[in-house]
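Please treat every number below as a calculation from the coordinates, not as lab data. Just so it is clear, the structure is predicted and the values come from calculations on it, not from any experiment. Ideal geometry is used to build each Cβ from the backbone, glycine not excepted, and the neighbour counts take in all protein chains shown.
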Amino acid sequence: MSKKNTEVKYDCSKCPGYCCSYPRIIVTKEDIERLAGHFNVSFDEAKKRFTQAYRYESKEEKIKEQILRHRKDDVYKSTCQFLDPVKRRCTVYQARPAVCREYPNGKTCGYYQFLKFERKQQGDKEFIPSA
Ligand code: SF4
Ligand code: SF4
């Protein structure tokens, strides 16, 4: 008998991984260390292969971040390179960054609600709205 998950109100198995298409998925030093261990490469190699620097400066703010590298995607414009483009699953799940573990930071996911609503409207369980 399957047990209904009452903890969260979203189902990532029915979503093509919208959150993995966010352009700036921030990684920490610990995240890079974890990825380096997962792939058995040095910290510097992991940093170079899997991440890139993001810099932005305006009068109001100055941003300096290290983010996951992206690649082109057929569903969204691009996604994190660790998202399986066919299965739509994280290929480094055990070693994924902290920000991915925390998301969506609650019992609900805004995109999943949007997805569910649009699929109901369209009468198509597979429909993927442009975000
Ligand atoms: S956008 Fe929401 S439902 Fe989709 S994979 Fe991310 S957390 Fe799961
Ligand atoms: S590391 Fe995994 S969960 Fe995080 S953005 Fe990439 S594919 Fe998604």
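Scanning the stretch 86-125 for residues that are among the charged types (D, E, K, R) and within 14 Å of ligand 1 (Cβ to nearest atom) yields LYS87, ARG88, ARG89, ARG96, ARG101, GLU102, LYS107, LYS116, GLU118, ARG119. The condition of being hydrophobic (A, V, I, L, M, F, W, C) and within 14 Å of ligand 2 (Cβ to nearest atom) holds for only one of PHE43, PHE82, that being PHE82.
Just a yes or no: is a residue in the stretch 18-37 within 16 Å of ligand 1 (Cβ to nearest atom), assigned to a helix (DSSP H, G or I) and among the hydroxyl-bearing types (Ser, Thr, Tyr)? The answer is yes, given that some residue of the stretch 18-37 is within 16 Å of ligand 1 (Cβ to nearest atom), assigned to a helix (DSSP H, G or I) and among the hydroxyl-bearing types (Ser, Thr, Tyr).
A residue that is surrounded by 11 or more Cβ atoms within 10 Å (Cβ to Cβ) and hydroxyl-bearing (Ser, Thr, Tyr) can be found somewhere in the stretch 28-48. Here is the figure for the stretch 73-85: residues that are aliphatic (A, V, I, L, M) and either in a strand (DSSP E or B) or within 11 Å of ligand 1 (Cβ to nearest atom) (or both) total 1. Of all the numbered requirements in (1) loosely packed, with under 11 Cβ neighbours inside 10 Å; (2) in contact with a helix residue (DSSP H, G or I) (Cβ under 7 Å, 6 or more places away or on another chain), ASP74 misses one, and that requirement is (2).
Please work out if GLN94 is in contact (Cβ under 8 Å) with a residue 12 or more places away in the chain, outside any loop (DSSP other than H, G, I, E, B) and loosely packed, with under 13 Cβ neighbours inside 10 Å. For GLN94, the condition - in contact (Cβ under 8 Å) with a residue 12 or more places away in the chain, outside any loop (DSSP other than H, G, I, E, B) and loosely packed, with under 13 Cβ neighbours inside 10 Å - is met.
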